[in-house]
Every structure is written in structure tokens, then in C-alpha cells.
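Here is the structure we will look at, set down as C-alpha cells.
The values are calculated or read from the model by the stated rules, or taken from the named source; none is laboratory data. This one's a predicted model, so the numbers in the text were calculated from it and none came from an experiment. Positions of Cβ are backbone-derived with ideal geometry, glycine not excepted, and every protein chain shown enters the neighbour counts. Surface areas here come from the heavy atoms of the whole protein model, side chains and all, with no ligands, DNA or RNA. Shrake-Rupley method; radii C 1.70, N 1.55, O 1.52, S 1.80 Å.
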Amino acid sequence: MTIGAFLLAATFTNPVLPADFSDIDCIRSGNRFYAITSTLHLSPGMDVLESPDMVNWRVVGHVVDDTSVFGDDWTWKRMRRYGRGVWAGCIREREGKFCCYFGTPDEGIFVATAENAAGPWSAPHKMSFFTAGWDDTGVLFDDDGKGYLVATHFAGGYKTYVFELTADGLDVVPESRALVNEGHGREANKLYKWNGTYYHLYSEVAGGGRRLMMARSKNVMGPYEERRVLSHPQREADEPNQGGFLVDDAGNWFFLTHHGHGQWYGRAASLLPVTWIDGWPIVGTPDKDGIGTMVWNPQKPVITGKAAILAAVPKGFLFPDWAWNHAPRLEKVRISEERLELDAFRPLKPGDFFSVGNVFSKRAWRNATNEFSVCLSTAKMSDGQRAGICHFGKTSCEFGVKLEGGVKSLYWRNGKRDIALDCEVGEKIFLRSEWGMDGVARFAWSYDGKEWKDAGESYRMTWGSYRGDRTGLFTYNESGEAGTAIFTD
């Protein structure tokens, strides 16, 4: 895919990413734009996105290929990282390499590097100073080459500190620590330097919701004495706040931000114009009080440079938007672009979908029409096995095939509601979930993938563990380790 030059006359519609892309940070590198987004309990961890124009984005890789490197709690063995895992991070470029700094609330702060933002990335290096309770990192590499890191110690009363980085950028100098901010719920830290002034970006809860804030100083270590509200809380626009700044070829400023507070689709991402007022970057359209408000149809950024040829991305089941619900049991997986084979094994807890290992899933997008479908081969299923498609957030839903007493049947399960459906199941069946802006999934099945029959059941998708709804593929067997589910497009 390539994109040529275009002018500012055209507009676009927010959100540019109408799905769960939480804790966005972003940079420009040449004629490409890159962003990272937190992934919490999912594996791989910390998605990397690429764009030629700030508006059209796609997932191209991950900073952490396999979150099992952090321990068994992150894997199918224990599944104890719901709502935790890989949190907010920062992506920067230094001396021809990309750097990603991120926190995990139970382990500390890590850094990884890469020659290419799409990967491969180095193994996460744990910064020795940080233990559990730190997060929301921001990094600045100054004009003299020195690096600085800002992070919040939420376990210590939401105190935010700036540290000097060691020369290699892999740790901080503990004695350099300077307290620059404190207050419950303050987070989303970023550090910037513009026109000789240092800026500390963060968000806080005040005035009826979460809003974006900025402080500035002539010294990176502070004191940061001035505080400016950059945007109103705007509950009606899902509270735009955490994000990063970008600049187009005409010098226009933009802010890529997540917004959301508990809806089924999670925290979507929008690109907002920035207006500089008295040395402050106001995000969105300034209100009469000079504070920013949401813009749903901004003008497009001006991109006049050479066309950016984007990185090649695998298709099908290897497309990097897929992720495992906790790191998978790899000996039970065989995967290619066109085919996914999952061997069944017992959940950690009977009857609990959130303890089912090797669930392979994608974000549920919030568009006018959305569809997730797959062909399930049942030929290698064993007694006691279940397999099919699913949704999960705070609650879960299964739609698939179960094999009991040698008989295959189509079923639908929502929590403890387990309903047998009127369908004769052979060696393959097509399964589909469809939903719209209302977040209500409706299910259908087919023998050929062309003529579909309504299953007669629906599921209201939910937000849970700081994530929007995920839709995906699963299999398990509460009777033992037996049976294989084969999925194809």
C-alpha cells in the first residue's frame, strides 16, 4: 500500500480507530507515523501501529512477542493478569533505534529497543530501580543526548517523579529523582521539549471527568510551577485524554488520543487538531475559555513528502491484530495464515470461560456493521470437547459445537445459560457473529458459508478488566486433554 501527496481541504471522521486502542503514544519517523497501545493481559504485548498519514492506522507488530517472559501468572498456567499486565508506555527514537518504555503494575518498568518499529524488538529489560507500583512512563532525549524518564508511583500516593536515564537508556540514576507532581488519579505522563521549554503532559480527574493537563518549566527536573488545562473532561465525547503529539508537513499540530470510560468497545482513538495559545498546545477546538473541545470531523493532515511504503504484514490468522488471552500453551497450537489448529485441554476452573487457555481473539470494532466468521472442522473433536467463536469482556459468550456421548450439537452459552440449538452438525460448520453500533452480537450458522440461519440468540458485549469486548476462537475439554478444533477462514 502506498499513499501520495494530498491537501488539507479534505476532512476525516473521528474516531480514526473505533475499537479498543488504549493508552496511545506516538511519534513521527521520516514519512511514517508509529503508535503503541497497551494490551494488559493479552499476548503478544504492546501493539505497534503504523500510518502514512496519521488517519489510517494498522497494527504491524508487538514490542513483547511472548508475555510468558514475565512469569507464569501471565500464561495459561495461572491467568492472573486480567486488568493488569502491560500498561501505558512511551515510544521514542534515539540514534537510529526505536525505544519503548512501559510499566507492568506487578513487576516494574521495562525498556525494549528495535531497528524497525514493526519488530523484532529486543527482550524486555527490567529497569533495576522500579518494583511493583510504578507506571505511566514518558521519556525525553534532550538536545545534549541525555535522557529523562517520568513515571508515577501510584502505590505511593500517585507521586510523579522525573529521573535522569543512564547513558545507555536502560536504567535511571536513582539519586537524580525529582518530585514534579502528585495527586490521586494523575497519570498518562509524557515529557516534551519545545522552544527551549520542558513540558510535562498528564491527565487528572476534575471538573466532572478526566481531562488533559500540562505543566512547563525551564528545567527538566522542575519545578513545574505552571499548570494548564488543555481540554475539557467531555463525558459526552468519552473523555479524550491520554496520547501524544504529531506534526504534519505544513507545520500543523495534532494530538492522537484515546477516549472511553467503560463502554463495550473500550477506548477508541481519535486524531484532534492542536492550537497553540500563549505557549500551550490546546487539544481540539478552543472553547471561549481557551480550553479544548472534541472535534469529530477535522481537516486531514498535510503530507507532501515522498510516498511512504508501509511494512508488509501477514494475513489471516497471522495478522498481528490477533492476540492470545494470556500467553498460550504453544504445544497445543499449530498456525498458518489460512489455518488454526487448537488442541483442547481443561480450563483452570470448570464452567469459567476466563480460565480457558489458548483463546485467540481480536478487537471488536464499533462500526455500523461488523462481522466475525469462521469455518470450524469438527472431524478431530473428542468427547467432552467444545469449540467455536466467542465474545468476552466483563462477561463472556460462546457459540459453537459440543461433543457429548458421541453426539455433536450446536450450542450457545452466556455465563451459566447453556442452550442447545436446532442444527445437525456434520464434519464442518460455519459460525458467524454480527453486531452494529449498539454492541449487541447476533449469531448465525451455515453449512456452506453462503446461506445462513439465524441462531435466535444475542449477546450484549461488555467492558471488563480495562478492556473492550474481544471476539475470537476457542476450544476446551473439561473431561481431559483430548480433541482438536480446526479453524479456517
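Here is a yes/no grid of residues against (1) modelled with pLDDT of 95 or more; (2) out of contact with any helix residue (DSSP H, G or I) (no Cβ under 7 Å at 6 or more places or on another chain); (3) under 26 Å from Arg92 (Cα atoms); (4) open to solvent by 10 Å² or more (accessible area, probe 1.4 Å):
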residue: Met213; (1), (2), (3), (4): yes, yes, yes, no
residue: Lys218; (1), (2), (3), (4): yes, yes, yes, yes
residue: Met221; (1), (2), (3), (4): yes, yes, yes, yes
residue: Pro233; (1), (2), (3), (4): yes, yes, no, yes
residue: Phe245; (1), (2), (3), (4): yes, yes, yes, yes
residue: Thr257; (1), (2), (3), (4): yes, yes, yes, no
residue: Gly266; (1), (2), (3), (4): yes, yes, yes, no
residue: Gly279; (1), (2), (3), (4): yes, yes, yes, yes
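In the set (1) open to solvent by 40 Å² or more (accessible area, probe 1.4 Å); (2) modelled with pLDDT of 95 or more, the condition left unmet by Glu226 is number (2).
The rows are residues; the columns are (1) under 17 Å from Arg386 (Cβ atoms); (2) free of Cβ contacts under 8 Å to residues at least 40 places away in the same chain.
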| site | (1), (2) |
| --- | --- |
| Ser409 | yes, yes |
| Asp418 | yes, yes |
| Ser433 | yes, no |
| Asp448 | no, yes |
| Gly472 | yes, no |
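You will find that of Lys394, Lys416, the residue that is at pLDDT below 95, within 30 Å of the chain's Cα centre (by Cα) and of a type in the set (Lys, Arg) is Lys416 and no other. When Glu331 is tested against (1) part of a loop (DSSP other than H, G, I, E, B); (2) farther than 30 Å from Val247 by Cβ; (3) among the charged types (D, E, K, R), exactly one condition is not met: (1).
Conditions tested, residue by residue: (1) on the phi > 0 side of the Ramachandran plot; (2) assigned to a strand (DSSP E or B).
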| site | (1), (2) |
| --- | --- |
| Leu191 | no, yes |
| Tyr199 | no, yes |
| Ser203 | no, yes |
| Gly208 | yes, no |
| Met213 | no, yes |
| Asn219 | no, no |
| Gly222 | yes, no |
| Pro233 | no, no |
| Glu239 | yes, no |
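Within segment 385-440, restricting attention to residues that are among the polar types (S, T, N, Q) and touching a Cys at 6+ places or on another chain (Cβ under 7 Å), the residue that is least open to solvent (accessible area, probe 1.4 Å) is Ser396.
Would it be correct to say that Ala123 is surrounded by fewer than 17 Cβ atoms within 10 Å (Cβ to Cβ) and at pLDDT 95 or above?
Here the answer is yes, as Ala123 does meet what is asked.
Looking at Phe129, is it part of a loop (DSSP other than H, G, I, E, B) and surrounded by 16 or more Cβ atoms within 10 Å (Cβ to Cβ)? Yes, satisfied.
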